[in-house]
1. Quick one: in the stretch B:429-488, which of the residues that are under 22 Å from residue B:9 (Cα atoms), part of a helix (DSSP H, G or I) and among the polar types (S, T, N, Q) is farthest from the chain's Cα centre (by Cα)?
2. Scan (1) in contact with a helix residue (DSSP H, G or I) (Cβ under 8 Å, 6 or more places away or on another chain); (2) crowded, with 23+ Cβ neighbours inside 10 Å for the single condition residue B:428 breaks and write down its number.
3. Would you call residue B:297 without any contact (Cβ under 8 Å) to a residue 40 or more places away in the chain and under 20 Å from the mean Cα position of the chain (by Cα)?
4. Testing residue B:69 on (1) of a type in the set (D, E, K, R); (2) within 15 Å of residue B:136 (Cβ to Cβ); (3) within 13 Å of another protein chain (Cβ to nearest Cβ), one condition comes back false. Which one is that?
5. Looking only at the stretch B:100-157, filter to residues that are part of a helix (DSSP H, G or I), more than 14 Å from chain A (Cβ to nearest Cβ) and surrounded by fewer than 15 Cβ atoms within 10 Å (Cβ to Cβ); which one of those is modelled with the highest pLDDT?
6. Could you tell me which residue of the stretch B:179-221 is nearest to the chain's Cα centre (by Cα), considering only residues that are under 22 Å from residue B:527 (Cα atoms) and in a loop (DSSP other than H, G, I, E, B)?
7. Restricting attention to the stretch A:1-17, and to residues there that are more than 13 Å from chain B (Cβ to nearest Cβ) and touching an Asp or Glu at 6+ places or on another chain (Cβ under 7 Å), which single residue is nearest to residue B:71 (Cα to Cα)?
8. Condition first: within 13 Å of residue B:194 (Cα to Cα) and assigned to a helix (DSSP H, G or I). Now tell me which residues in the stretch B:262-299 satisfy that.
Amino acid sequence: MPTRDIEITNATGLHARPAQRFAEIAARFRSRVRVRRGDETVNGKSLWEMLLLVAPPGTILHVEVEGDDAEACLKELTELLRDPDNEQADS
Amino acid sequence: MEIRKGIPVSPGLAIAPAIVLDSEQFRIPRRSIAAEEVEGELARFRQAVEGAQGEIRELREHVARDVGEELGAIFDVQDALMADKRLHEEVRELVEREHYAAEYAVSTVLKAYARKFLKLPNRYMAERVADVYDIEKRLLRHLIGAKRETLGRLTEPVIVIAHDLTPSQTASLDRSKILAFATDGGGRTSHTTIVARAMSIPAVVGLQTITADVSGGDMVVVDGNRGLVIINPDEETISRFHETEQRFRRMEESLGNLKDLPAVTQDGHEVALWGNIEFPHDVEMCLARGASGIGLYRTEFLYLDREDDPTEEDHYQAYAEAIEALDGRPITIRTCDLGADKFTHLSGDYDERNPFLGFRSIRFSLQHIGLFRTQLRAVLRASVLGPTRLMFPLVTNLKELRQAKMILADVREDLEEEAIPFDRDLAIGIMVEVPSAALMARNFARECDFFSIGTNDLVQYTLAVDRSNERVAGLYTAGHPAVLRLIREVVQAACDADIQVAVCGEMAGEPMYTVLLIGLGVHALSVSPATLLEVKKVIRSVTMDQAREVTDKIFSFDSDREVDAYLSELTRRLLPEMAV
């Protein structure tokens, strides 16, 4: 199962709107998406749960995707987390 | 079962289903549905979500157009949260499996998220929790908007859970059905506390997150003796609760024997022991617990929860009811003490930086002279019905007292011209509740007939502690030597001028301070009805010599910790049955 550790590097961290985009992207795929920070793991398709993972810059999020479209899903999620404030990525 | 610890502010125990007041005063009934209603409830939920999303989108467009796209986008998060599959799954689970009604399921699920968000680091928490509450409010408005239940007509006993009760909320409560209060905010002398004590029901405040922890309909135990709130207690806890409740009732009964005995020391020195009230019907409760009069009638409740000003007749009816119920016992009516934490429509929306140092109380009255005259006329008219005294709050300088007396003289003249009878010897006094008045007590004593020391404000102004800020509330204690020195100064000034001095703040009702206060020479104690009997028991257990000795000892201490430690030890000896 593809997994990746991604460091949040933008100035404002992982806040509500990137979390929202993350959940939207994750929901488009069939794969199961889990995101872990420290010992807390949440369902990456639920915005409610993603919001619990507020992450200041420098935080490392562990993303775990399982399913037949896992690779493509992880690729998009990684792109988003590398540049969470990039508005173009969304529109 | 969950247990929360807060500040115990009014003793007693209660168990009942909770109602949770949010800012719109919704109450979410715990309602179950039949199996065949499940589909219908889920459809109701989906409709509510659609409706709420429609509102959010409209709001978004509106804000985006008027303020800018950036701010409008803030609503996208709420929109997405309502569309979120996980939310729909969790609600469906509760409806299908637990047969919760849609509104109760929504409230339960969202409260659980609010609770989780409250645990996040501060900066993030605040806006997320605000989103959750906003979503909850929107969905509930769609689900139960039409059949919202109000607090005015409760059908069964409840425990009220709120952020911090506002005076207008409590004014609209159906008091006969409320068994206890538990609030997020508040301190030992906050409004919730005062009302709970006046109603003689248990209250725990400063619980921080209790409105998120409890859903309406949850069974809740409030332990006002130990400051605990137990949510959904298990069987064992419930039976232990009933045992404790019985023990508490036995103690009340043993104190009840004191009801008809006078408040005299062992060597025959009598102390006037009065009750504090907020509504005329509170007189009854005070008398039932052996009060020999009313030492503080807080009249501001006449002004709250209404759009217009109370008329002279409104005032008169209230005062007449109280005075007649007292049947010849004395009453002290305090003029309006609005401002600070009690507001009326007249306060307007002027946002004060520092309300406790602001436009309140006698300052308010002296600038709303029409309103003030109306109240004074009513007090004067009622004064013929029984022994009445008039008291001005928050006086800080002699000029204020003189102005107030001038307005009173003017009103008396009017009444005389109209040949309306009033008590010509009506005693006039001031609340001594700011350090400046305490330090100038000798001058004030020459111009009024009595003092009543308001310790709640005196403590907060002397120690510079906001009594309702739970983070500094620990610094708030009447036992601070600086406060005690001010009180001693006021009592001595009164005794030297041969005028009466009472204490009417919460301090007067704490048995721990009773011996100290009578040792200082205070003539009267005016307390909340809940503590009348305990205070009487303490008075009856000492001689004046002993009390003076205690007082001398207290003034040899230089910290509130020594004072409070010494006094609680003394109280344990005098009232062993009080120790829990």
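The values are calculated or read from the model by the stated rules, or taken from the named source; none is laboratory data. Everything numeric here is computed off the predicted structure, so don't read it as measured data. We place every Cβ from the backbone using ideal geometry, glycine too, and count neighbours over all the protein chains shown.
1. B:462
2. (2)
3. Values: without any contact (Cβ under 8 Å) to a residue 40 or more places away in the chain: yes; under 20 Å from the mean Cα position of the chain (by Cα): yes.
Criteria met by residue B:297.
4. (2)
5. B:145
6. B:190
7. Among those residues, the one meeting the criterion is A:10.
8. Result: B:282, single match.
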